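> This is the structure I want to talk about, given as structure tokens.
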Amino acid sequence: MKTFSDLGINDTFVKALSENKIVKPTDIQLKAIPFLLETGTDFIGQAQTGTGKTAAFGLPILQSVNPDIPVPQALILSPTRELGQQIARQLFKFTRYSPKKIFVESVYGGARIDEQINSLRRPTHVVVATPGRLLELLERKAINLSSVKTIVLDEADEMLSMGFKEELDAILAYTKGKRQTWLFSATIPPALKEIIAGYLSPDAMRVQVSKHDVINRDIEHKFVLCTNDEKSRVLFHFLKSQGKNRGLVFCRTKAGAKSLAQELMDENYNSDALHGDLMQKERDKVMRAFKNKKLQVLVATDLAARGLDVEELAWVVHYNLPEQTEYYTHRSGRTARAGRKGFSLSLINEADRPGLKMIERELEISIKQIHS
């Protein structure tokens, strides 16, 4: 079995990884890290959420940074504020034993730009940014990318689906030909193929991780067959069985998430909803309450839960099946973190059976029925 040391990662980073219970490299890490450490060219990594992509690109970036040069040397673009913050936190953890301090700064919309401009005036080696806020900073000449050697597009398909095509074009046109670009994405839709053709080298290295390698084998997958009217009763019965265990309930729509969260509150569950209609302040308040364990149940939509990283979640409930198989992986992957066991429960009606079968087939997992 290959270790991170075998892949060329320095001992100081390996020590920090070990402390965070990251010992065995994942498939994307095995395929990407040696190449990214040694080769200064473009890279395309196709892998689902939850495969360890942050370490796959983050470790080579941190290892290439010169801490004595106090300017941005790498730029990581993320579709959401939460994912950006999560990446920055993880990179910070990796640098714990670095002999010289490596500074990572996260910038995003929904927060005061003047405060972020002040933060960027301090020594900064790696910038993690959402596309819109980065463009604002570039327009104000508040960030200098002239020393950036590497740009990472993380969750590139999500950035496009969230409408960041123009921003990405502008950023990549600004940096084209001057840096290496590493692109990580779960899928490669036509719009992303255009970006690859326009801004990445034709001989960019490509690696793909099979969906089979994505699924966390510490998660138990079950489903309950019920009518739509019975779903809330089944959910309450399940929550009762879970005692004080905390978890996430996923709905397909914002209206559904709001309505279900209210139902849970009416039943005296410490619950709230995370959805796209929330202002950033409201969103931060909900997330803070959940992370501080003041909420037992968080009801969320798929896009709202992007980048959500909360430890010690025992279960995930799919109140509605997701529209895409990759979202099932993303949802279920919120549980069974750091070597723990997890439980993923789908509440389906008869019309959902084909969708559940497709998830089983595509992810090569078995989802067993339990009776409510």
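Each value in this text was obtained by applying a stated rule to the coordinates, not by laboratory testing. Just so it is clear, the model here is predicted, and its values are computed rather than measured. No Cβ is skipped: glycine too gets one built from the backbone with ideal geometry, and neighbour counts run over all protein chains shown.
> Any chance you could tell me what percent of the C-alpha pair distances in region 63-134 go past 19 Å?
30
> Let me ask something additional. With r as the distance between the Cβ atoms of Glu38 and Lys193 and R0 = 30 Å, compute the FRET efficiency 1/(1 + (r/R0)^6) and round to 0.05.
0.65
> Taking only the alpha carbons of the chain, what extent do you get along each of the three principal axes, in Å, biggest first?
On the principal axes, the chain reaches 59, 47, 41 Å in Cα extent.
> Between Asp218, Asp229, Asp272, which gets the highest mean-square fluctuation from a Gaussian network model of the chain, Cα cutoff 10 Å?
Result for the chain, Cα springs under 10 Å: Asp229 fluctuates most.
> What does the helix-only formula give at 222 nm for the chain: each DSSP H stretch with n ≥ 4 adding -39500 (n - 2.57), the total divided by the residues, and the result rounded to the nearest 500 deg cm²/dmol?
Mean residue ellipticity at 222 nm (helix-derived): -12000 deg cm²/dmol.
> Oh, and also: Quick one: check the C-alpha center-to-center distance for region 246-294 versus region 1-58, whole angstrom.
Result: 34 Å between the Cα centres.
> Let me ask something else. Calculated FRET efficiency, Glu230 and Ala255, Cβ-Cβ r, R0 25 Å, to nearest 0.05?
That gives a FRET efficiency of 0.80.
> Another one. Return the subset of Lys240/Lys294; Lys2/Lys100; Lys24/Lys178; Lys21/Lys368 for which the Cα-Cα distance in this structure is over 23 Å, preserving the input order.
Long pairs (Cα-Cα over 23 Å): Lys2/Lys100; Lys24/Lys178; Lys21/Lys368.
> Let me ask another. Report the percentage of all Cα-Cα pairs in region 11-210 whose separation exceeds 21 Å, rounded to a whole percent.
Roughly 48 percent, once rounded to a whole number.
> Sticking with this one: Using the count of nearby Cβ atoms within 10 Å as a rough guide to exposure, how do Thr325, Thr335 rank from fewest to most?
Thr325, Thr335
> I need the fraction of alpha carbon pairs in region 215-369 separated by more than 25 Å, rounded to a whole percent.
Pairs farther apart than 25 Å: 22 percent.
> Still on this structure, please answer the following. Averaged over every viewing direction, what's the projected area of the C-alpha convex hull for region 117-173? Give it in nm², one decimal, please.
4.1
> Determine the shape class of region 1-77: with a ≥ b ≥ c the square roots of the Cα gyration tensor eigenvalues, call it rounded for a/c under 1.5, and otherwise prolate if a/b is greater than b/c, oblate otherwise.
Because a/c hits 1.5 or more and a/b fails to exceed b/c, region 1-77 counts as oblate.
> Given R₀ = 35 Å, FRET efficiency for Glu312-Arg353 by Cβ-Cβ distance, to 0.05?
Calculated value: 0.60.
> Separate question: So which trypsin sites (Lys or Arg not before Pro) in region 14-48 are both in a DSSP loop and have at most 16 other Cβ atoms within 10 Å of their Cβ?
Lys21
> Can you give the local net charge around Glu220? Use residues other than it whose beta-carbon is closer than 13 angstrom to its beta-carbon, Lys and Arg +1, Asp and Glu -1.
Residues close to Glu220 contribute a combined charge of +4.
> Got a sec? How would Val126, Val286 order by Cβ neighbour count within 10 Å, fewest to most?
So the residues, fewest neighbours to most, are Val286, Val126.
> In whole percent, what relative contact order does region 142-195 give with Cα contacts below 8 Å and a gap of six or more residues?
Relative contact order comes out at 55 percent.
> Residues of region 65-87 with backbone nitrogen within less than 17 Å of a virtual label 7 Å along the Cα-to-Cβ line of Gln280, please, listed as ranges.
Backbone N within reach: 77-87.
> If you find the alpha carbon centre of region 94-134 and of region 307-372, how far apart are they in angstrom?
34
> Take Cys226, Cys251 and order them by how many other Cβ atoms sit within 10 Å, fewest up front.
Neighbour counts put them in this order, fewest first: Cys226, Cys251.
> Same structure, new question: Identify which of Gly58, Gly109, Gly45 has the largest mean-square fluctuation in a Gaussian network model of the chain, with springs joining Cα atoms closer than 10 Å.
Gly109
> Right, another one. At a Cα cut-off below 15 Å, give the aspartates and glutamates reachable from Lys341, other chains included and same-chain residues fewer than 8 away excluded.
Lys341 reaches Asp218, Glu220, Glu311, Glu312.
> Starting from the Cα of Ser5, step 7 Å along the direction of its Cβ; do the same at Ala289; then give the gap between the two resulting points in nm.
That separation, rounded to one decimal, is 4.8 nm.
> Take every Cα pair under 8 Å in region 11-210 that's 6+ residues apart, average their separations, divide by the length, and report that relative contact order as a whole percent.
Computed over region 11-210, the figure is 31 percent.
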